[in-house]
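**Student:** The structure under discussion is supplied below as structure tokens; questions concerning it will follow.
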Amino acid sequence: MKVRTLTKMALLSAAALILGYIDSLIPLVPGVPGIKLGLSNLALLYAVFFLSPFYTVLLMLIKVGMSSLLFGNAVGALYSLAGGVLSVAIMLLLRRNRAISVIPVSTFGGIFHILGQIAVGAVLLGVRPMLAYAPWLLISGLATGILLGVCARGVFYGLERYERSKRA
Amino acid sequence: MECETTENRRKPNLLLMGAAVLFVALAVVFCLLLQSRASGAGAFRIRFGDGQTITVRADETRVIVIRDGKPAEEPTGEGEENVIRIENGTAWMEHATCKNRECVKQGRLNADTVGTRPLGPWIICAPHGVSIEYIGDGS
């Protein structure tokens with residue numbers, strides 16, 4: 001691993017952990033647990049667009065492992081891992097088409113993250129409670145996916161301008 | 001030429017966003033159609049972490065302690081513990097040792113609140129795999 005990539009990975013891991021912690025402090029819908037902004041996915045989105053698929057998957061695994069160790073438990077890790085694997089898979093798949101921009105990639109990432117969590121919930125709790133839970137989660141996945149996509153577009157645009165000004 | 005390129009880039013993005021919204025809308029409708037509707041005097045179905053379930057009549061007064069997925073005698077506040085109280089036709093999660101205690105915050109479940117709660121007839125503790133379902137007259 002090059003020093004530049006190593007530094008980027010360390011920075012992104014730290015950013016993902018801090019954003020994940022901030023995320024856990026913001027309750028979005030009272031009475032419905034598990035609905036979050038998914039701020040830490042901003043780091044993953046960056047990896048999808050600017051790092052290789054290998055480093056994206058590695059970052060997802062670091063994020064899931066570290067946040068479960070620091071702020072969660074084994075069951076929480078299972079939910080995060082299922083969501084993380086599905087969301088990274090769909091984001092990398094969509095990213096193969098260079099015409100697809102960050103907002104649809106982020107939106108599908110958000111929806112598939114939720115689908116992974118619903119699948120784990122259906123196994124652990126049964127399908128029927130998940131039928132009550134799923135509509136809230138899916139709508140939140142769609143909304144937060146779009147919101148994060150818009151944020152990421154702004155961040156990427158700013159980074160691009162910074163890189164260009166450095167080169168000039 | 002430039003407009004054509006922009007249009008070519010915009011089209012798959014718009015199509016994907018439309019597909020995402022349509023997928024979520026259909027999934028939500030599907031879930032809402034399949035959800036159970038509770039009615040009648042009432043009973044609660046409690047699911048333990050190990051998968052076993054019990055049904056408790058709503059007019060009973062009971063405290064159910066679940067530890068590490070199994071029924072337990074007394075609450076100790078250790079391990080994966082949930083304390084469910086059923087009283088005057090209402091059930092609620094009195095105590096839980098999960099991290100955010102989201103299940104405790106889900107409030108009280110009875111015939112009056114079932115239609116107004118975000119999760120309808122359910123109180124769910126996802127980390128411990130415990131749930132309470134209001135099943136009306138048991139159907």
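The values are calculated or read from the model by the stated rules, or taken from the named source; none is laboratory data. For clarity, every value in this text was computed on a predicted model and none was experimentally measured. Ideal geometry is used to build each Cβ from the backbone, glycine not excepted, and the neighbour counts take in all protein chains shown. Just so you know, the surface numbers come from the protein's heavy atoms only, side chains and all, with ligands and any DNA or RNA stripped out. Shrake-Rupley method; radii C 1.70, N 1.55, O 1.52, S 1.80 Å.
**Student:** When residues of segment A:70-90 are filtered for being among the β-branched types (V, I, T) and open to solvent by less than 10 Å² (accessible area, probe 1.4 Å), how many remain? Walk me through how you get there before you give the answer.
**Tutor:** If we filter segment A:70-90 for residues that are among the β-branched types (V, I, T), which is where we start, we get A:75, A:85, A:88, A:90.
Right, trim to open to solvent by less than 10 Å² (accessible area, probe 1.4 Å) and you get A:88.
Selection size over segment A:70-90: 1.
Here's the yes/no breakdown for (1) aliphatic (A, V, I, L, M); (2) touching a Cys at 6+ places or on another chain (Cβ under 9 Å); (3) surrounded by fewer than 12 Cβ atoms within 10 Å (Cβ to Cβ):
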residue	(1), (2), (3)
B:A27	yes, no, no
B:Q35	no, no, no
B:F48	no, no, no
B:T55	no, no, yes
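**Student:** Of the residues that make up segment A:18-40, is at least one at positive phi, surrounded by 13 or more Cβ atoms within 10 Å (Cβ to Cβ) and touching a residue at least 60 places away in the same chain (Cβ under 8 Å)?
**Tutor:** At the first step, the residues of segment A:18-40 found to be at positive phi are A:31, A:34, A:38.
Narrowing further to those that are surrounded by 13 or more Cβ atoms within 10 Å (Cβ to Cβ): A:31, A:34, A:38.
Those still in the list that are touching a residue at least 60 places away in the same chain (Cβ under 8 Å) too: A:34, A:38.
So far as segment A:18-40 goes, yes, one or more of its residues are at positive phi, surrounded by 13 or more Cβ atoms within 10 Å (Cβ to Cβ) and touching a residue at least 60 places away in the same chain (Cβ under 8 Å).
**Student:** Looking at segment A:104-125 only, could you name the residues that are facing chain B (nearest Cβ under 7 Å) and either under 25 Å from B:N13 (Cα atoms) or outside any helix (DSSP H, G or I) (or both)?
**Tutor:** Restricting attention to segment A:104-125, the residues satisfying the condition of being facing chain B (nearest Cβ under 7 Å) are A:104, A:107-108, A:111, A:121, A:124-125.
Result: A:P104, A:T107, A:F108, A:I111.
**Student:** For segment B:60-113, which positions are part of a loop (DSSP other than H, G, I, E, B), of a type in the set (K, R) and over 15 Å from B:V130 (Cα atoms)?
**Tutor:** Across segment B:60-113, the qualifying residue is only B:R108.
**Student:** Within segment A:91-102, work out how many residues are part of a helix (DSSP H, G or I) and either open to solvent by 30 Å² or more (accessible area, probe 1.4 Å) or acidic (D, E) (or both). Write out each step before concluding.
**Tutor:** First pass over segment A:91-102, keeping only residues part of a helix (DSSP H, G or I): A:91-95, A:102.
Subsequent filtering for residues that are either open to solvent by 30 Å² or more (accessible area, probe 1.4 Å) or acidic (D, E) (or both) retains A:92-93, A:95.
Count: 3.
**Student:** Check B:R108, B:R67, B:R62 and return the single one that is within 14 Å of chain A (Cβ to nearest Cβ) and either in contact (Cβ under 8 Å) with a residue 40 or more places away in the chain or open to solvent by 50 Å² or more (accessible area, probe 1.4 Å) (or both). Explain how you work it out, then say what you get.
**Tutor:** Values: B:R67 fails: within 14 Å of chain A (Cβ to nearest Cβ); B:R62 fails: within 14 Å of chain A (Cβ to nearest Cβ).
Just one listed residue meets the conditions, B:R108.
**Student:** Further question on the same structure: Return yes when B:E80 is of a type in the set (D, E, K, R) and out of contact with any helix residue (DSSP H, G or I) (no Cβ under 8 Å at 6 or more places or on another chain) and no when it is not.
**Tutor:** Working: of a type in the set (D, E, K, R): yes; out of contact with any helix residue (DSSP H, G or I) (no Cβ under 8 Å at 6 or more places or on another chain): yes.
Considered against the rule, which asks whether it is of a type in the set (D, E, K, R) and out of contact with any helix residue (DSSP H, G or I) (no Cβ under 8 Å at 6 or more places or on another chain), B:E80 comes out as yes.
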